[in-house]
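> One structure follows; several queries about it will come next.
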Amino acid sequence: MFKLLSKIFFKFADLHFLRRKLLLTMVIKGPEDRVHIGEMCDLQDVILNTNSGHIFIGDHSFFGQGCMLLTGTHDLSLLNRERQQNHPREGRDIKIGRGVWISSGAIVCGNVSIGDNVVIAAGAVVTKDCLEPAIYGGIPARKLRNLLKTDADNRA
């Protein structure tokens, strides 16, 4: 009986480990050589779409679960299969600076740049540059609050 329970336990443990490992693995859709990741980054289960550009991620940047970096887009003036099959091959790069935190469920659409030490809130959709060190959130993402105090903040 012990052998049977032991086999079941270890088989379940292996499946649990495998499931967790698969859930926390990034996925690259498109050419892999277009992904450029800095040192000490944590990408969790990020989906990286490189069909229409490069993705650059600066050192010490990290992501929550379920984030997407999407360079691809489709031409709304086209219809049916033509819309599905035609998309730009270049020019929709995503550039993420150093020390950036992109929270769970956020979506970043190319062609954008995210500056150093920016925080993107959970569930935000980034469609424009977010360059100042601040918290950005919403759909579309907008600046919610500065992260670094300015002289005016110190006087208040």
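Read the figures in this text as sums done on the coordinates, not as results from a lab. Please read these numbers as outputs of a predicted model, since none were measured by experiment. Reconstructed Cβ throughout: ideal geometry from the backbone, glycine too, with neighbour counts over all protein chains shown.
> How many percent of DSSP beta bridges within the stretch 25-155 run antiparallel, rounded to 5?
Details: 4 of 32 bridges.
Here the share of antiparallel DSSP bridges comes out near 10 percent.
> Determine the sum of side-chain charges near Ser104: Lys and Arg each +1, Asp and Glu each -1, restricted to other residues whose C-beta is under 13 angstrom from that of Ser104.
Details: positive: none; negative: Asp42, Asp45.
Result for the neighbourhood of Ser104: -2.
> Please give the charge dipole size of the stretch 25-155, origin at the Cα centre, charges +1 on K and R Cβ atoms and -1 on D and E Cβ atoms. Round to the nearest 20 debye. Walk me through the numbers before you get to the answer.
Numbers: 14 positive and 15 negative charges, 90 e Å.
Using Cβ point charges on Lys, Arg, Asp and Glu, the stretch 25-155 gives about 420 debye.
> Quick check for you: which residues of the stretch 118-134 have the amide N under 18 Å from the point 7 Å beyond the Cα of Arg145 toward its beta carbon?
118-124, 132-134
> Sum up the charges of everything whose Cβ sits under 13 Å from the Cβ of His87, counting Lys and Arg as +1 and Asp and Glu as -1, but leave His87 out.
Numbers: positive: Lys29, Arg81, Arg83, Arg89, Arg92; negative: Asp75, Glu82, Glu90.
Here the count lands on +2.
> May I ask you to compute the full-extension gain from Lys29 to Asp45, defined as 0.36 nm times their residue separation minus their alpha-carbon distance, rounded to one decimal in nm? Each step should come with its number before you reach the end.
Details: separation 16, 0.36 × 16 = 5.76 nm, distance 1.29 nm.
My answer for the length gained is 4.5 nm.
> Hey, rough spin-label estimate for Gln85 and Leu131, points 7 angstrom out along Cα→Cβ, what's it come to in nanometres?
Distance between the two pseudo-spin positions: 4.0 nm.
> Which shape class applies to the stretch 16-144: rounded if a/c is under 1.5, otherwise prolate when a/b exceeds b/c and oblate if not, where a ≥ b ≥ c are the square roots of the Cα gyration tensor eigenvalues?
Working: a/c = 1.63, a/b = 1.21, b/c = 1.35.
In terms of gyration-tensor shape, oblate.
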